[in-house]
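Written out below as structure tokens is the structure these notes cover.
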Amino acid sequence: MIDNALLMEQNISRIVGGLVQYRPTQGGWDVQTPLLYPSGAFASVGIAGEGETFSVSDLGSGFREAYAGDVGNSFGRAANELSEEFGVIYEKRHLFIPRVAMGQLGAAVRLVANCSQASVILAIERANERKVAERSDRLYARLKKIFPNTAKHAQITGASSTEWTVDALVQRGDHLAVFDAVTTHANSVASTSMKFHDLALREDAPTRAASVESKRSMGTLLAVLSQAANVIEDAAPDQQYRQLAEAA
């Protein structure tokens, strides 16, 4: 237990005055910071110790958030990478600083919470990048079988003179069709929508198609994506892909 609980409470109150809330626990304190994980949950850290030396840990909350988001395998690599940058330790699924003086507790709480949040975000981004790359490869392989004249990761210039990269470009005579594999991640939808809107303004605008795993899983983002592209599901028959590519 922490000696002189009243003094400790006063110090904790001063340290976390700008944070959301804190509560005493057996042997320490739990501090809920204003930082949010992607799920919307607050990033919390635990303070443990007595006297003048304490430890600060995310108590594995970052890993649990990543695991709940199905990116637990990516979290360890992200945490190992960022822990050095933030000056914390990652071990046994916990991010922590083992020895912290009383006067450094505020900074330590911020470092651990920020590192935990950043590690979850990076894990999600890395997992999404891998998923996008895998789906892009599958989309290209499928289109290549249907249309031999298909280019992978092709460059095409929009009306703004910006050069865009699309997952696949199909050429049918003088007509072009561009395809992107899109995930449920907002950044994926935004990226494809931006490039397709620009391509739509070309005088010889190509057909624009976005391949998704499931229209239903896209939620409200389906309406956003549909403004810029013809949306087709991965499982759609080849004939639907052929009709899209050949549409003027």
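For the stretch 65-116, which positions are assigned to a strand (DSSP E or B) and free of Cβ contacts under 8 Å to residues at least 40 places away in the same chain? Result: 89, 90, 91, 94, 95.
Does residue 46 satisfy the criteria of being surrounded by 13 or more Cβ atoms within 10 Å (Cβ to Cβ), at pLDDT 90 or above and in contact with a Leu (Cβ under 6 Å, 6 or more places away or on another chain)? Answer is yes for this residue. Residues in the stretch 27-49 that are within 20 Å of residue 124 (Cβ to Cβ) and not in a strand (DSSP E or B) were compared, and the one that is nearest to the chain's Cα centre (by Cα) is 38. The condition (being assigned to a loop (DSSP other than H, G, I, E, B) and at pLDDT 95 or above) is satisfied by just one residue among 151, 168, 159: 159. Residues that are out of contact with any Lys or Arg (no Cβ under 8 Å at 6 or more places or on another chain) and more than 22 Å from residue 184 (Cβ to Cβ) within the stretch 63-90 comprise 79, 80, 81, 82, 83, 84, 85, 86, 87, 88, 89, 90, listed in sequence order. The set of residues from the stretch 66-124 being of a type in the set (Phe, Trp, Tyr), surrounded by 24 or more Cβ atoms within 10 Å (Cβ to Cβ) and touching a strand residue (DSSP E or B) at 6+ places or on another chain (Cβ under 9 Å) comprises 90, 96. Within the stretch 50-64, the residues that satisfy the criterion of being within 13 Å of residue 31 (Cα to Cα) and either among the basic types (Lys, Arg) or outside any strand (DSSP E or B) (or both) are 58, 59, 61.
The values are calculated or read from the model by the stated rules, or taken from the named source; none is laboratory data. For clarity, every value in this text was computed on a predicted model and none was experimentally measured. No Cβ is skipped: glycine too gets one built from the backbone with ideal geometry, and neighbour counts run over all protein chains shown.
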